[in-house]
Structure formats: structure tokens, C-alpha cells
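The values are calculated or read from the model by the stated rules, or taken from the named source; none is laboratory data. The structure displayed is predicted, hence computed values, not measured ones. Neighbour counts are summed over all protein chains in view; Cβ atoms, including those assigned to glycine, are modelled from backbone coordinates with ideal geometry. These area figures cover heavy atoms from the full protein model, side chains too; ligands, DNA and RNA do not enter into them. Shrake-Rupley method; radii C 1.70, N 1.55, O 1.52, S 1.80 Å.
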Amino acid sequence: MPENYSISRRRFAQLLGVGTAVVAARPAFGLPTIVAQPAVALPTAPTTIVRLSSNENPYGPSPMALKAMTDAFSLTWRYPDEHSETLIDMLAKLNAVTSDQILLGDGSGEILKVAASAFTGPLNSDAKPVELAKPTRGPALTFTPGRGKMVVADPTFEAILNHARISRAEVVKVPLTKTYAHDLAKMAAEAKEGLIYICNPNNPTASITPKDELREFIIKTPKSTMILVDEAYHHYADSPDYESVIPMFKDHSNLIVARTFSKIYGMAGLRVGYCVAQADTIRRMRPHQTWDSVNIMALAAAIGSLNDPEQVPNGQRWNAQTKQFVLSEVGKLGYQHIPSQANFVMIDVKRPVQPLIGALRERGVQVGRPFPALPTHMRVTIGKQGEMETFLNAFRDVATGSA
Ligand SMILES: Cc1ncc(COP(=O)(O)O)c(C=O)c1O
């Protein structure tokens, strides 16, 4: 188990050859000389807190991503056109689609925001389409105001709800089923134009919605209602009942599938995500986005990651091993969990979770916040082995009543 796998700050500094490499890499024409300033200390990851609250990948980015960022330093004065195109082409190839069927985002969070603003809004809106200024690249765009409700599961990843509210859309929450799947029949019944958000695997439950049900739901949903399937945790799912719905978008103009580089690719701080959808759907989304919203370092890192054949299988294997260890230890203490298809677990602590979260925090372990729909469940990200041992020691302490 690679406890020391992620590259330390010192090693990273060595990789960058701090100072000299940066100066040496500056383009050799007419730029003002940069006078060295006293170093401003960057925030470091706090060493005293074990952070198991944000479903990050504790092993970090691929060494090839770090190398690609180092190489990109000399290009940071330029807009990221070519890097953007390269990443889009690579993602198109990876997903067997064309490049006009990919939209990059500043994290998949931006894709969620763009989808909410493009496809939700007041149902009585009669605003007319507006012609927009032609962007620096690509075809002219028309902005058509979003219309219709946002329908989501409860609980689910909530960022998109706020975006829909800002669009003044009605937001409808539909409880998960007893098996923690999306209740697709009820969600379909609630929808009226607008957007249905399906998070699969779902955050915070780490549960999946079975592939047959999801496939049938996509086939049956009227084309006037958009469906956004968020596959942020796709690479961690290994159940035979799970499958990505990316291949379905070709036959379904209302389907958008979001992916991220924040999870298995370990790049949460860099902010890159994307979605796959039909070209016309992408055209409707694009006006809601900042031009060039993904920066050149993040693009370089994403390109580097995709070139590393080890990044995904390593992340999958290490997560699976540590998750199995944690769940077996939690089981020995008499606690159940929701079957997990992600890099985090939902443990039923059999009492209100809030005091336990506080007690763990006092012991230097930060777990997920409480989720009102599941008030006795604790969401714990799977960190490295040593971090999980720290969690388990603290959990034993607080859960057996000595807290
Ligand atoms: C289900 C889900 N979707 C999207 C995101 C946002 O990811 P990104 O970092 O790509 O914006 C998260 C982050 O935790 C998530 O859990």
C-alpha cells in the first residue's frame, strides 16, 4: 500500500527546481525582469487534521500530471487554446465521441452550473432567444433562457440545487428508494421540461442506481426534459449493476453525462471536468460558461493524467483495498454501512451523527457534514491506510461511548 506515494512538497519543489527552472523557462524576448520578492508562504495541508470530508483522492495526481504542469510553466502567459483542443481531442477519443460532443468545465461543478442555468428556470418564462457576440473560437451562439423544474434525489450532491434556485427554477427533491437508488419513476412524474439530475454513484450515499432502470428511464423520458447524469465517481464503481450511460447520448439529445478529474485523477485543487452530450446540446450550454474557463496548468495536468496508464487502476486498487479494511473494522464494531461504489462510505452510527462528527473533530479527524435526510449516517472518505487507522482509533473511542 503506497503510504508515501503522493509527492511531498519538498519533492515537488525538487521536481520544479524552484526558482531556477521558473526563470530559465521564461520566454526569451522583451519581458521585464522579475525582481525577486520575499517569499510569501503558501498555505500547507494541515498536518494535524486527517481530512476525510471531501471525497478527495489521497494519492494525488499522476507523476505525469506533475511533469506536464512543470513543462507548462513557460506557457502560462498564453491563453490555453491548444491545450484545450488537445484535451478535448483526447477525451473525445477516450469516450469514442467527436470533439464537438465534449464541453470542458472549471471542474465538473461548472458543468453542473452551466446545465442548471441553460435548462432550468421559471416555467412561465416567455423570454426570447438572444443572439450573442461570436466567441474567439467556434460558431456564433444563441442564448435561449432555461425553463422548467430541477428534479433531484434526496440526499444527493447539492451544488446544482443552488444553481437552479438562482435561475429561479422550482426545485423538487425525491427521496432515494429503500436500496438508496434514485426513485426514477417518481422523478419522472415530477419533471416538467427542466432538468433531472442523477448522481451515479450518488454522493453522499455511495450507492448506485441499477443500470437497467437507468437505461429504461433515459429511453422513456420526453426529449423536452433534459437529464444530467453525474458520473464523478464512475471509476470507483465495480458492481455488475453499474454502467456508464455515455454510450446512450448519441440516441438521446436530452442526455448530458458529466465527469471530473477531481476524483480518480487526484486533481481536485486544479479544477477540470467535462461533459459529453450531442453537439447541439453543447451549443446550448456554452453561452452560460466563462470563455477559457479551464486554465493551462489544469489542462496540462489532465493531459498528463490521461497519458498515464497506471493512474486509474492504481487509484481503483488502493481505494478498494483500504475501503475493504475500513468496512471490515467498522463491521467488527457492530456498525452497518450502505454498500459503497465510491471512494467514501456511509456508516450507520445508530444515533444522531452530529455529536460524533464533533467528537471526531476534537480527535483530529474531519469526516463529512451531516445529511438531514440520513441523520444517523456518517460519510467518511477513504484516505490512506494510516489515515484510516487514525480514523478507526478515534471512531472506536467516540462510538463506544467514551466520547
Ligand atoms: C457527485 C459530485 N459531482 C460533482 C462534484 C464536483 O466535482 P469537481 O471538483 O469536478 O467540481 C463532486 C465533488 O465532490 C461530487 O461529489
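The residue that is farthest from Ser99 (Cα to Cα), among those in the range 147-165 that are open to solvent by 10 Å² or more (accessible area, probe 1.4 Å) and more than 21 Å from the chain's Cα centre (by Cα), is Lys149.
I'd like to verify a number: residues in the range 60-75 that are under 16 Å from Val272 (Cβ atoms) and away from the ligand (no atom under 16 Å from the Cβ), how many? Walk me through how you get there before you give the answer.
Quick first cut of the range 60-75, residues under 16 Å from Val272 (Cβ atoms) only: 60-62, 64-66, 68-69, 72.
Then keep just the ones that are away from the ligand (no atom under 16 Å from the Cβ); that gives 62, 64, 66, 68-69, 72.
Qualifying residue count, the range 60-75: 6.
Among the residues of the range 45-55, not a single one is more than 30 Å from Gly358 (Cβ to Cβ) and either open to solvent by 80 Å² or more (accessible area, probe 1.4 Å) or modelled with pLDDT of 95 or more (or both).
Quick grid of which residues meet (1) in a helix (DSSP H, G or I); (2) not polar (S, T, N, Q):
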| site | (1), (2) |
| --- | --- |
| Val345 | no, yes |
| Lys350 | no, yes |
| Gln354 | yes, no |
| Ala359 | yes, yes |
| Phe371 | no, yes |
| Val380 | no, yes |
| Gly383 | no, yes |
| Gly386 | yes, yes |
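Could you tell me which residue of the range 279-309 is surrounded by the most Cβ atoms within 10 Å (Cβ to Cβ), considering only residues that are of a type in the set (Asp, Glu) and over 16 Å from Lys263 (Cβ atoms)? Walk me through it before giving the result.
Restricting attention to the range 279-309, the residues satisfying the condition of being of a type in the set (Asp, Glu) are 280, 292, 308.
Checking the rest, the ones that are also over 16 Å from Lys263 (Cβ atoms) come to 280, 292.
Working: Asp280: 11, Asp292: 17.
Selected residue: Asp292.
Note on the range 177-214: residues that are closer than 27 Å to Glu56 by Cα and modelled with pLDDT under 95 amount to 0.
Somewhere in the range 125-137, is a residue closer than 30 Å to Thr209 by Cα and open to solvent by less than 80 Å² (accessible area, probe 1.4 Å)? For the range 125-137, residues closer than 30 Å to Thr209 by Cα and open to solvent by less than 80 Å² (accessible area, probe 1.4 Å): absent.
Against the numbered list (1) part of a loop (DSSP other than H, G, I, E, B); (2) open to solvent by 30 Å² or more (accessible area, probe 1.4 Å), Gln316 comes up short only at (1). Inside the range 244-269, can you point out the residues that are more than 16 Å from the ligand (Cβ to nearest atom) and surrounded by fewer than 19 Cβ atoms within 10 Å (Cβ to Cβ)? Within the range 244-269, Pro247, Met248, Lys250, Asp251, His252, Ser253 meet the criteria.
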